[in-house]
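Below are the structure tokens for one structure; questions will follow.
The values are calculated or read from the model by the stated rules, or taken from the named source; none is laboratory data. For clarity, every value in this text was computed on a predicted model and none was experimentally measured. No Cβ is skipped: glycine too gets one built from the backbone with ideal geometry, and neighbour counts run over all protein chains shown. Ligands, DNA and RNA are stripped out before the accessible areas are found, and what is left, the full protein with its side chains, is counted by its heavy atoms. Shrake-Rupley method; radii C 1.70, N 1.55, O 1.52, S 1.80 Å.
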Amino acid sequence: MSIEVPFDIGDLMLLRKLTFALAVASASVGVAAEGRKSLADKHGPAGIMGDHLHEPGEWMVEYKFMLMSMEDNLIGKDKVSDAEAIGPPGMPAGINVDGVMTNAGAAPTNMTMEMHMLHVMYGYNEDVTLYSMLMLPSLTMDHIRGDMNPAGRGSSFTTHNSGFGDTSFGALLRMYSDECQDWIANLGCSVPTGDIYRESTIPTGGAASQALPYPMRLGSGTFNFKPGLTYKRFGEWWSLGYQFQTDLPIGRNYRGYSVGDEFRFNSWTSVLLTDNWAVSLRGEHLWRTAFDGEDPATANMVIATNVEDFRGGYWYNIGIGTQFMKAGHYFNFEFVPTVAQDLDGIQLESDYSVIASWSKAW
């Protein structure tokens, strides 16, 4: 399933103009120059992290939930059917993509990823805020079996994996700040607390135990460096932001591989409807590179999700969100459809994400 979006990427500026027009029609915003950064758009949209600092000695606790849905297979930009993904009957090598024979044992048909996140921030001083985040992913993937599967071609199965993911922590540094703008550097990293190797007999119908493929693993298995940079500007009834964030694995894990480098560039506009309520529009460019190395337990001919060269690509997402404050509590929500993608090899198509959070500072 794919989400049909009634606009092209080129219409993003038009949507932003409409969002601004919505704010002009709202006469209930009373904004003083002093305290402008304390209104409902003080945080970025729900899909943004590391975009604000706290006062010295101030704590913030946040719970964030994300649901991502993927369905159907793409080769580059082109959709293929489930039957095409496992190849025609009698062709045990499966589909030939970029010279690599894949999906002889099974092909994924859809995947749901749920992520529970606990985020803690502490204002160390005027210019430094420390943070840490615990992650609890829950991964479910449906498949259809191919000719080389002992359980027989065409039958379906589901695998599931959940537990602790990698743990992130770091520091946000104020590079420059005045009444209407902020420059913030993010010196972050993650440690490999997520399990990266589990086996299951479900794919073969109990005939043999196999390692779960890469997308079903809970962490990277490596220490990752995660530097980033954020710029925010506040107007009388609007704000905007730009953020470049990276996720760079250091070396290879104990299974002999490292996940791909990740680069995200986000831009967003928020509009105040009242002092305590804002709406936002966000555009996200996401690039991932192929994996480096390989896990010897991931046989490439069995399933495309084992192929290290098939883990990269480009995605463009649009986030439509709202932010609301009430009695010291901060609520943030976004619906994020994927409107363009170009994948390396054959991979599941990303459809949409839903992101919601609650936070409180004291």
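Based on what the data block shows, is Cys189 under 30 Å from Glu236 (Cβ atoms) and open to solvent by 20 Å² or more (accessible area, probe 1.4 Å)?
Against the criterion (under 30 Å from Glu236 (Cβ atoms) and open to solvent by 20 Å² or more (accessible area, probe 1.4 Å)), Cys189 does not qualify.
So for segment 99-112 (the condition being over 25 Å from the mean Cα position of the chain (by Cα), surrounded by fewer than 20 Cβ atoms within 10 Å (Cβ to Cβ) and within 30 Å of Val191 (Cβ to Cβ)), does at least one residue qualify?
No: segment 99-112 contains no residue that is over 25 Å from the mean Cα position of the chain (by Cα), surrounded by fewer than 20 Cβ atoms within 10 Å (Cβ to Cβ) and within 30 Å of Val191 (Cβ to Cβ).
Being over 18 Å from Asn73 (Cβ atoms), part of a strand (DSSP E or B) and among the hydroxyl-bearing types (Ser, Thr, Tyr) is true for just one of Thr129, Thr112, Thr140. Which residue is that?
Every option except Thr129 fails the conditions.
Regarding segment 151-172, can at least one residue be identified that is of a type in the set (Ser, Thr, Tyr) and not in a strand (DSSP E or B)?
yes
Among the residues of segment 318-334, is any hydrophobic (A, V, I, L, M, F, W, C) and under 18 Å from Asn110 (Cα atoms)?
Among the residues of segment 318-334, not one is hydrophobic (A, V, I, L, M, F, W, C) and under 18 Å from Asn110 (Cα atoms), which makes the answer no.
Determine which member of the set Asn306, Asn253 is among the polar types (S, T, N, Q), under 27 Å from Ser132 (Cα atoms) and open to solvent by less than 50 Å² (accessible area, probe 1.4 Å).
That would be Asn253, the only listed residue that is among the polar types (S, T, N, Q), under 27 Å from Ser132 (Cα atoms) and open to solvent by less than 50 Å² (accessible area, probe 1.4 Å).
From Phe265, Phe291, which residue is out of contact with any Leu (no Cβ under 6 Å at 6 or more places or on another chain), buried (at least 17 other Cβ atoms within 10 Å of the Cβ) and of a type in the set (Phe, Trp, Tyr)?
Being out of contact with any Leu (no Cβ under 6 Å at 6 or more places or on another chain), buried (at least 17 other Cβ atoms within 10 Å of the Cβ) and of a type in the set (Phe, Trp, Tyr) holds for just one of Phe265, Phe291, which is Phe291.
So that you can scan it fast, the table gives a plain yes or no per residue for (1) at pLDDT below 95; (2) closer than 17 Å to Ser200 by Cα:
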| site | (1), (2) |
| --- | --- |
| Tyr131 | no, no |
| Ser138 | no, yes |
| Asp142 | no, yes |
| Arg153 | yes, no |
| Phe164 | no, no |
| Leu172 | no, no |
| Trp183 | no, no |
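If you don't mind, there's one more thing I want to ask. What number of residues within segment 189-239 are at pLDDT 95 or above, over 26 Å from His116 (Cα atoms) and part of a strand (DSSP E or B)?
Selection size over segment 189-239: 6.
Another question, if that's okay. Tell me yes or no: at least one residue of segment 330-342 is farther than 24 Å from Phe65 by Cα and either out of contact with any Pro (no Cβ under 9 Å at 6 or more places or on another chain) or acidic (Asp, Glu) (or both).
yes
What residue, of Thr204, Thr230, is closer than 29 Å to Lys42 by Cβ, open to solvent by less than 20 Å² (accessible area, probe 1.4 Å) and either in contact (Cβ under 8 Å) with a residue 12 or more places away in the chain or not β-branched (Val, Ile, Thr) (or both)?
The conditions single out Thr230.
Still on this model: State the number of residues belonging to segment 269-284 that are in contact with a Ser or Thr (Cβ under 9 Å, 6 or more places away or on another chain) and open to solvent by 40 Å² or more (accessible area, probe 1.4 Å).
So the count comes out to 3.
Still on this structure: Out of all the residues in segment 327-362, which are open to solvent by 20 Å² or more (accessible area, probe 1.4 Å) and under 30 Å from Ser38 (Cα atoms)?
Once the filter is applied, which keeps residues that are open to solvent by 20 Å² or more (accessible area, probe 1.4 Å) and under 30 Å from Ser38 (Cα atoms), segment 327-362 yields Ala327, Gly328, His329, Phe331, Phe333, Phe335, Val354, Ala356, Trp358, Lys360, Ala361, Trp362.
Ok, one more. Residues of segment 240-293 being in a strand (DSSP E or B), among the hydroxyl-bearing types (Ser, Thr, Tyr) and either free of Cβ contacts under 8 Å to residues at least 60 places away in the same chain or under 19 Å from Ile184 (Cβ atoms) (or both), which ones?
Within segment 240-293, Tyr242, Thr246, Tyr257, Ser258, Ser267, Thr269, Ser270, Ser280 meet the criteria.
Sticking with this structure for a sec: Kindly indicate which of Gly154, Gly165 is under 27 Å from Ser69 (Cα atoms) and crowded, with 21+ Cβ neighbours inside 10 Å.
The unique qualifying residue is Gly165.
What is the number of the single condition among (1) modelled with pLDDT of 60 or more; (2) exposed (fewer than 15 other Cβ atoms within 10 Å of the Cβ); (3) aliphatic (A, V, I, L, M) that Ala21 does not meet?
Going through the list (1) modelled with pLDDT of 60 or more; (2) exposed (fewer than 15 other Cβ atoms within 10 Å of the Cβ); (3) aliphatic (A, V, I, L, M), Ala21 breaks only (1).
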